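Take a look at the structure set out below.
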């Protein structure tokens with residue numbers, strides 16, 4: 001398996017505060033990798049640094065390197081990470097465009113695609129097949145959707161951008177358990193079709209049962225890593241993140 | 001009959017205000033920036049139209065190309081819109097963007113916009129002097145009279161041009177992807193790059209739209225009131241800005257409605273009272289509207305859903 005994403009000794013500072021103290025991890029093609037850790041461990045910072053969002057306006061210093069297929073992407077503008085590398089981020093809080101309809105949200109995600117009408121039509125059908133609720137509500141303003149439906153829209157939007165690597169920031173947050181399992185089943189289907197997934201979760205149990213491998217992040221450092229089985233069996237991890 | 005006369009005048013004035021107000025509202029929608037230089041971009045538009053027209057037509061001590069007024073008008077409109085949008089984009093590239101890049105607070109960008117406007121006014125004064133320019137006649141004036149109502153062809157052109165622009169703009173914003181991106185930014189700027197959309201491209205496009213409309217307003221205004229001076233954009237710019245706020249800044253329909261509303265109030269006041277009371281009354285009414293609905297007519301209070 002080739003390594004798709006490689007993060008090397010990543011340090012991120014906001015002003016005087018260092019949020020990440022040099023973390024390294026990698027994601028191989030076709031894998032599901034999860035970063036677990038408590039609130040404030042630096043999980044979201046890691047994803048946002050990979051996408052370099054918010055845009056350069058924020059006073060932030062990034063050290064170390066982020067490689068995609070062996071090439072540094074540290075100086076790539078945020079929108080090109082999506083349009084050229086086919087990576088997608090489903091951000092924390094979903095960040096859908098509430099003033100646009102469901103359909104417009106999905107259409108907007110095809111902005112940079114150059115492969116024309118037919119593949120885009122196919123992807124529309126695919127998204128509506130994965131999330132029939134979105135099809136029912138396609139003409140509705142998306143801020144009127146429930147939390148679960150908004151999460152579906154956020155994932156659907158990522159799919160419309162033709163991603164082959166999807167990063168998810170706490171997709172389970174605020175979802176009823178049933179919807180949460182649905183979402184993870186759908187993600188599993190996508191993975192079986194070849195989608196590489198990097199997942200960030202506070203719900204470590206859920207994440208490790210879903211992923212192939214995991215890293216444990218604690219206050220800006222990686223403190224444990226391994227296959228999901230190893231981590232689930234690790235007494236330290238059990239004690240700190242899996243509720244004993 | 002007098003009523004219809006006033007009605008037409010109000011539509012004409014409203015068209016100017018609405019065209020300029022749209023520039024404020026578009027930029028605000030995308031950047032949350034009140035581009036205080038926008039009134040002066042309108043002024044620059046009028047001057048660009050003047051120079052293009054004189055160059056094509058001749059006169060004012062220039063030999064010109066000797067085109068007919070109709071040809072001159074046909075060329076002046078697009079050229080002015082293009083050149084004026086370049087002025088808007090230049091302001092964004094040289095003044096607003098560097099500040100944004102450095103993470104400057106919005107207040108500083110607004111102050112920069114104020115200064116940019118003053119620079120345009122005084123730059124004009126320094127370059128061209130204080131003497132006024134008189135805009136050449138590009139359209140032979142025709143007056144139609146229906147009953148007691150007289151309509152000039154120019155008035156019709158102004159109103160029709162404004163309506164065409166509104167329809168076009170509405171189409172761009174509601175149907176095209178770049179328009180969707182503009183609406184998307186106004187809701188959540190953060191998520192735009194995640195869609196593979198270059199933020200700066202959308203911002204530049206917004207400035208192009210807003211400034212070209214100000215340029216068009218500049219030509220139409222100069223044709224209607226053919227005296228140009230460096231400060232002509234200041235008051236009309238303020239008024240259009242207030243119209244945009246009363247309509248609900250950030251909302252396109254709001255800018256159009258606000259612009260026409262101001263036109264109607266002004267003409268209405270003048271129809272009844274001495275014209276010296278015009279601005280006092282007009283702004284009192286607008287203040288009253290804001291007092292009743294602080295977000296403006298079409299504005300909604302910003303709420304965020306978690």
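The values are calculated or read from the model by the stated rules, or taken from the named source; none is laboratory data. As the structure is a prediction and not an experimental result, all values here were calculated from the model. So basically every Cβ, Gly included, is an ideal-geometry build from the backbone, and we count neighbours across all protein chains shown.
Here is a yes/no grid of residues against (1) surrounded by fewer than 20 Cβ atoms within 10 Å (Cβ to Cβ); (2) not in a helix (DSSP H, G or I):
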residue: A:138; (1), (2): yes, yes
residue: A:143; (1), (2): yes, no
residue: A:149; (1), (2): no, no
residue: A:154; (1), (2): no, no
residue: A:157; (1), (2): no, no
residue: A:163; (1), (2): no, yes
residue: A:166; (1), (2): no, yes
residue: A:174; (1), (2): yes, yes
residue: A:178; (1), (2): yes, no
message = Consider segment B:148-187. How many of its residues are surrounded by 18 or more Cβ atoms within 10 Å (Cβ to Cβ) and farther than 19 Å from residue B:208 by Cβ?
response = 4
query = Restricting segment B:60-107 to residues that are within 14 Å of chain A (Cβ to nearest Cβ) and in contact with a helix residue (DSSP H, G or I) (Cβ under 6 Å, 6 or more places away or on another chain), which is nearest to residue B:19 (Cα to Cα)?
reply = B:96
request  = Run down A:178, A:190, A:242, A:231 and say which single residue is more than 21 Å from residue A:42 (Cα to Cα) and over 16 Å from the mean Cα position of the chain (by Cα).
outcome  = A:178
inquiry  = With touching a residue at least 12 places away in the same chain (Cβ under 8 Å) and under 15 Å from residue B:20 (Cβ atoms) as the only criterion, which of B:214, B:282, B:271 stands out?
reply    = B:214
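Residue by residue, here is whether (1) at pLDDT below 95; (2) within 27 Å of residue B:100 (Cα to Cα); (3) buried (at least 17 other Cβ atoms within 10 Å of the Cβ) holds:
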site: B:208; (1), (2), (3): no, yes, yes
site: B:227; (1), (2), (3): yes, no, no
site: B:282; (1), (2), (3): yes, no, yes
site: B:286; (1), (2), (3): yes, no, yes
remark   = With criteria (1) within 11 Å of chain B (Cβ to nearest Cβ); (2) surrounded by fewer than 18 Cβ atoms within 10 Å (Cβ to Cβ); (3) in contact with a strand residue (DSSP E or B) (Cβ under 7 Å, 6 or more places away or on another chain), residue A:90 comes up short on (2)
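Please go through segment A:50-71 and give me each residue that is away from every other protein chain (no Cβ under 14 Å) and either under 13 Å from the mean Cα position of the chain (by Cα) or touching a residue at least 24 places away in the same chain (Cβ under 8 Å) (or both), ordered by number. It would help to see each step written out before you state the result.
Step one: filter segment A:50-71 for residues away from every other protein chain (no Cβ under 14 Å), giving A:62-71.
Passing the criteria: A:62, A:63, A:64, A:65, A:66, A:67, A:68, A:69, A:70.
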request  = Could you tell me whether any residue of segment B:213-222 is within 14 Å of chain A (Cβ to nearest Cβ), over 24 Å from residue B:297 (Cα atoms) and in a helix (DSSP H, G or I)?
outcome  = no
request  = Being within 11 Å of another protein chain (Cβ to nearest Cβ) and assigned to a helix (DSSP H, G or I) narrows it down to one of B:163, B:172, B:185, so name that one.
outcome  = B:185
The one condition in (1) part of a loop (DSSP other than H, G, I, E, B); (2) crowded, with 20+ Cβ neighbours inside 10 Å that residue A:54 fails to fulfil = (2)
Selected residue [surrounded by fewer than 17 Cβ atoms within 10 Å (Cβ to Cβ) and either modelled with pLDDT under 95 or within 14 Å of chain B (Cβ to nearest Cβ) (or both)] from A:85, A:74, A:100 = A:74
query = Is at least one residue of segment B:130-149 part of a helix (DSSP H, G or I) and either away from chain A (no Cβ under 14 Å) or modelled with pLDDT under 95 (or both)?
reply = no
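Look at residue B:119 and say whether it is under 20 Å from the mean Cα position of the chain (by Cα) and within 30 Å of residue A:47 (Cα to Cα). Full working, then the answer.
Values: under 20 Å from the mean Cα position of the chain (by Cα): yes; within 30 Å of residue A:47 (Cα to Cα): no.
Considered against the rule, which asks whether it is under 20 Å from the mean Cα position of the chain (by Cα) and within 30 Å of residue A:47 (Cα to Cα), residue B:119 comes out as no.
Just to check your reading of the model, which residue among A:9, A:39 is in a strand (DSSP E or B), surrounded by fewer than 22 Cβ atoms within 10 Å (Cβ to Cβ) and touching a residue at least 12 places away in the same chain (Cβ under 8 Å)?
Values: A:39 fails: in a strand (DSSP E or B).
Exactly one residue qualifies, and that residue is A:9.
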